[in-house]
Amino acid sequence: MNRLELRRPDDWHLHLRDGDMLPAVVPASARCFGRAIVMPNLKPPVRTVADARAYRERILAARPEGSDFEPLMTLYLTETTTTDDIRAAAECDFVHAVKYYPAGATTNSDSGVRNLECVHPVIEAMEKYGLPLLMHGEVTDGEIDVFDREAVFIERHLEKLRTRFPGLKLVLEHATTADAIDYVRSAPEPIAATITVHHLMYNRNALFDGGLRPHHYCLPLIKREHHRQALVEAATSGNPRFFLGTDSAPHPKHAKESDCGCAGIYSAPAAIELYAAVFEAAGALERLEEFASLHGPDFYGLPRNEDRIVLERSPWAVPTGIPAGNHQIVPLAAGEQLAWRVKSGS
Ligand code: NCD
Ligand code: ZN
Ligand code: ZN
């Protein structure tokens, strides 16, 4: 097979940043994704509908000429978020979810939640209005091994939340473990998980492949091979609870290649092509469209995109660096040859 036509995919977990970074990264997502759920972890975070409206305008202004790329905005859940904030979000037509970060879990998460019980009234309002809660599902307890933080989060918090708010739409973002997959597969509805391409491609050896690999460092960390296999199995299974979310998270090269490097992998420049490679290696290329283009909008209650993109077997090399203001960003698979490429203008 040398050509694959898909309904236009969407990215259900994306970091676009702000300032100089924004115009440098928007085109990579806009070249093939129709819409993206845009993460609110700016500094300061996107807390209110007014913040989201202003950020959305900046994103729209950073789109390439002629692009219809649509940012789907999210609010950052803090311990001061009110039920009025939630009502306003539910009533406006451009905020589609609220994001939960445990304080201290990941990049720009200091304003996150320390105690989930503090935000129960707000979560109750989300349940009432049908506004999905997107979760960075890791505990931050220093006693817990960093590779176990997702599994412990599910055990300690997710199950409780589901029981307390059975109607709440939940997305476990960037699922990385077989535990997460098993949980999402068997929990009562409505729950889903996004799966990144890097967690499908690599196991944790990729962090130390011949030396320390800062460009493979993200949170939650890439896990053991059996977890990777469970993720591939879920993504290619046709189960509508699993869909594409790149978690493309650009940081300047110097901030990654540092004695205390930032977490985040910039996958947007080759994201759909890398997913295609994973699906092809699993013998499931015909399942890519469901995962990339159908399950996400169905879960969010949005229409599927009507137009299509074409992937061609046409070898190309991922750029080694992308300029952003005075900096460079190193993309995932930098300098590597890929088999598939999105036909430009498709
Ligand atoms: C993300 C970022 O850089 O904003 N980093 C990451 O490693 N995934 C934050 C996040 O999604 O947790
Ligand atoms: Zn996260
Ligand atoms: Zn993220």
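Structure notes:
- Computed over the range 8-305: relative contact order in percent, which uses C-alpha pairs under 8 Å that are six or more apart: 17
- Distant-in-sequence amide contacts of Val113, defined by a placed amide H-H separation under 5 Å and a gap of 5 or more residues or a different chain, comprise Tyr101, Ala103.
- Order by protection proxy (mean Cβ within 10 Å, highest first), peptides 46-56, 60-70: 46-56, 60-70
- Percent of alpha-carbon pairs separated by more than 32 Å within the chain: 23
- For q = 0.18, 0.19 Å⁻¹, Debye-computed log10 I/I(0) when each Cα of the range 164-255 counts as one equal scatterer: -0.79, -0.86
- Peptides 130-140, 177-187 ranked from most to least packed, by the mean per-residue count of other Cβ atoms within 10 Å: 130-140, 177-187.
- The string of couplings for the range 265-276 from the Karplus curve (6.51, -1.76, 1.60, θ = phi - 60°) is 10, 8, 9, 3, x, 9, 4, 5, 5, 5, 4, 4 Hz, one whole number per residue in order, with x for Gly and Pro.
- Cβ-based charge dipole, the chain, positive-most Cα from Asn41, Trp12, Ser186: Trp12
- Spin-label model, Ser186/Glu5: points 7 Å from Cα along the beta carbon direction are separated by 4.2 nm.
- Distance between the range 62-79 and the range 126-182 - C-alpha centres, whole angstrom: 24
- Entry note, the chain: the mean residue ellipticity at 222 nm calculated from DSSP H runs of n ≥ 4, each adding -39500 (n - 2.57), is -8000 deg cm²/dmol after division by the residues and rounding to the nearest 500.
- For the chain, DSSP calls about 35 percent of its internal beta bridges antiparallel.
- Long-range amide H partners of Ser314 with built H, under 5 Å: Trp340, Arg341
- Pairwise label distance in nanometres, Lys343 with Thr83, each label 7 Å out on the Cα-Cβ vector: 5.3
- Estimated FRET transfer efficiency (Arg114, Glu65; beta-carbon r; R0 35 Å; 0.05): 0.20
- Binned Cα-Cα distances of the range 96-208, short to long, each 5 Å bin given as a whole percent: 2, 11, 21, 25, 21, 12, 5, 2, 0, 0
- Whichever lysines have a C-alpha closer than 28 Å to that of Lys253, once near sequence neighbours (fewer than 8 apart) are set aside: Lys43, Lys99, Lys223
- Rounded to 0.05, the FRET efficiency of the Asp298 and Glu233 pair, given R0 = 22 Å and the Cβ-Cβ distance, is 0.60.
Here, each number is a calculation from the coordinates, and none is a lab measurement. From a predicted model like this one, the values you see are computed outputs, not experimental measurements. Ideal geometry is used to build each Cβ from the backbone, glycine not excepted, and the neighbour counts take in all protein chains shown.
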